[in-house]
1. Find out how many positive minus negative residues lie around A:Leu266, taking Lys and Arg as positive, Asp and Glu as negative, among other residues whose Cβ is under 14 Å from that of A:Leu266.
2. Can you pull the semi-axes for the range A:66-239, root of five times each eigenvalue of the Cα gyration tensor, sorted largest first, whole Å?
3. Which ³J(HN,Hα) values, rounded to whole Hz and listed in residue order, are derived for the range A:248-254 from phi using the Karplus coefficients 6.51, -1.76 and 1.60 in 6.51 cos²θ - 1.76 cosθ + 1.60 with θ = phi - 60°, glycine and proline given as x?
4. How long is the range A:2-61 along each principal axis, judged by its Cα atoms, biggest number first, in Å?
5. Amide H neighbours of A:Ile579 under 5 Å, counting only residues 5+ apart in sequence or on other chains, H built in-plane at 1.01 Å?
6. Mind checking the per residue accessible area of the range A:2-61 for me, 1.4 Å probe, whole number of Å²?
7. For a 24 Å ceiling on Cα separation, which of these pairs sit above it: A:Lys585/A:Lys624; A:Lys302/A:Lys512; A:Lys25/A:Lys125; A:Lys56/A:Lys127; A:Lys353/A:Lys512?
8. In nm², what is the average projected area of the convex hull enclosing the Cα atoms of the range A:34-166?
Amino acid sequence: MIKITLPDNSVREYEEAISGYDIAKNISQSLAKEVLAITVNGEIWDLQRLITTDSKIKLHKWDDEEGKHAFWHSSAHLMAEALEALYPGIKLGIGPSIENGFYYDVDLVDGRVISDTDFPKIEAKMKELAQQKNEYRRSEISKKDALDFFTKKGDEYKLELINDLEDGTITLYKQGNFTDLCRGPHLPDTGYIKAVKILNVAGAYWRGDEKRKQLTRVYGITFPKQKMLEEHLVLLEEAKKRDHRRIGKELELFTFSQRVGQGLPLWLPKGAQLRERLENFLKKIQKLYGYQQVITPHIGLKELWVTSGHYEKYGKDSFQPISTPAEGEEFLLKPMNCPHHCEIYKHKQHSYKDLPVRYAEFGTVYRYEQSGELHGLTRVRGFTQDDAHIFCRPDQLKDEFKKVMDIISIIFNALDFQNFTAQVSLRDPDDKTKYIGSDENWEKSENAILEAVKEKNLNYVVEYGEAAFYGPKLDFMVKDALGRQWQLGTIQVDYNLPERFELEYIGADNQKHRPVMIHRAPFGSMERFVAVLIEHTAGKFPLWLTPDQVVILPISEKYNDYAKKVLNFLNNCDIRTLIDDRNEKIGKKIRDNEMKRIPYLLIVGEKEFENETVSVRVQGDGDKGSMNMNEFADLITNEVKAQTENYKIN
RNA sequence: GCCGAUGUAGCUCAGGGGUAGAGCGCUUCCUUGGUAAGGAAGAGGUCAUGGGUUCAAUUCCCAUCAUUGGCUCCA
């Protein structure tokens, strides 16, 4: 007798070993049709694998990550089978499921390539194989047999993977004529896969190592129903419409010029306005938190970064030094602001009573990003950090850290960024040589971050090996419209620079002590933040931030004079107002200005002129009736106030 | 930097060995209107740049530059 406990704690008893599929069938036919995988005592299994002992189980359908994982992982095998059939002699790397679909890394050998014109062929082959409803059969063999098998097959990549596995049994999965090294789980058969789309193809280094061979990575996605694929493709289209590069062009926020250089954004008037408003907002908050603005030059002597240790680490990958013609002094375009700020700290002696000292600067920095890495405003070669450096006593570190977290949460709340991940980046425990500074300091700062995060009740993940070379950090990560993750805000603890720049303060004991430094940037960079904000809002910025708040649309040219009167009135109330006095019908003006995402549209014609009113339309929400100018001005002013004053200093 | 793709009017894109097209935008004219596209005419392109093949290249080939999807990197 085998007892099977379901997630609701109900128990089912079976005479003999039973598969997950049969349990599902036993519960209901419709469940059996939908179930894709099963968790047995915390381990994910194939549905057909027999359960022989009392177990706790959970059945996974498409809605579960586990269900999708099994589905896409099985699809990766199906694609590999298709690729083997279409490209004989192909060698296989790895083929996992990912957040949206799956990929397989393959070595095509003989210099063959796959390009997007080949996709239909691959899709057709996959569908053909899927229709054969070949079972995914699991088998367990010894490591030696596995090595023999893949030696015969000539798959050197699989051999390398097997050699790295521990001795013991190794599982293989076979469907049709295709056998792959795999932990599973998989679908019962290929017939579950009804809709197939190959998405793109890319180069990917074997095992992520740029010194090793570059394989061809083929990305795809599959679904149990054709309709789901169609919906997914619509979603991808929608996401593309939110792309900041597209909206940035549409709304004339920023541009790039080949003649200026790649990765060097040019902020157009409207984008500059938006950015300036964000900067002023942060400045206001920082002032309340005791920050002082400083200004430093865009270049500095190379020695500055030799001292900081950055030159050794990044020097050869940066823009190369520029030198003075007569003396041959070497300068670097500054890749970060910290050394300049350290020198500001050093301009005078500090007492322990004066700390913490907080220097802030919207500092523009230049980094030589690899050409293939550039991407819209999110990855550029010249950008402005909303940088600040806090110099504090070691006993103030945790508190200061928490205050920075407060500033970040004010910013994120004001801009309605709820969907972020906090990532604590610590040292790689296996390779401490990548880092500089003493073990003791690293431990102190790693603990300070972890404690601060816990005390602030932040949801966070810990990533080992992601720390900066000089210290651990706390990063705030958000996703863009296409699901790519970007780092926005960051807080970093640094014992290293104070050491290297010999920063000091005089303690209560009248002795010299070393301060601790915190680097922090709530936005991260203005460029990246604005990019993510564009995608987050689809270009519909909050009223306080948007470049143009109101547009006045006269019904005909007869009312242009009245419209101008309204325009002057609103502009005098500090409301950013435009007028659309083109010789167009009102429907056309409404459409055009709706598409410019201007929050309020005011329609003025005969009626409004007579009654000294305006007819109000809210962007995306239609006609709101009429009101007089004062009422409307109050409406706008109050809305802006509510948006910008909704925070407190703790 | 590496692998793949792309580059045609201000924007979005079609085309194709015989020196170019649409829609939107722009200019002018008609129209003066009531809540998401009124009508007409016109201007605008060395088809990214440089080579090569050809009687002829924007089209085919090569290189460069830029953009783009990934990989690696990200102080």
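The values are calculated or read from the model by the stated rules, or taken from the named source; none is laboratory data. Here the structure is a predicted model, which means the values were calculated and not measured. So basically every Cβ, Gly included, is an ideal-geometry build from the backbone, and we count neighbours across all protein chains shown. These accessible areas exclude ligands, DNA and RNA; they are computed on the full protein's heavy atoms, side chains included. Shrake-Rupley method; radii C 1.70, N 1.55, O 1.52, S 1.80 Å.
1. Details: positive: A:Arg245, A:Lys249, A:Arg259, A:Lys270, A:Arg275, A:Arg381; negative: A:Glu252, A:Glu527.
After counting each charged neighbour, the total is +4.
2. On the way: eigenvalues 130, 75, 43 Å².
Taking √(5λ) for each eigenvalue gives 26, 19, 15 Å, largest first.
3. With the stated coefficients, the range A:248-254 comes to x, 6, 4, 8, 6, 9, 7 Hz.
4. 24, 21, 21
5. Here A:Ile552 satisfy the definition.
6. Numbers: 3300 Å² over 60 residues.
Using a 1.4 Å probe on heavy atoms only, each residue of the range A:2-61 averages 55 Å².
7. Details: A:Lys585/A:Lys624 20 Å; A:Lys302/A:Lys512 28 Å; A:Lys25/A:Lys125 31 Å; A:Lys56/A:Lys127 35 Å; A:Lys353/A:Lys512 13 Å.
Check vs 24 Å cut-off fails for A:Lys302/A:Lys512; A:Lys25/A:Lys125; A:Lys56/A:Lys127.
8. Values: hull surface 39.9 nm².
Mean shadow area of the hull around the Cα atoms is 10.0 nm².
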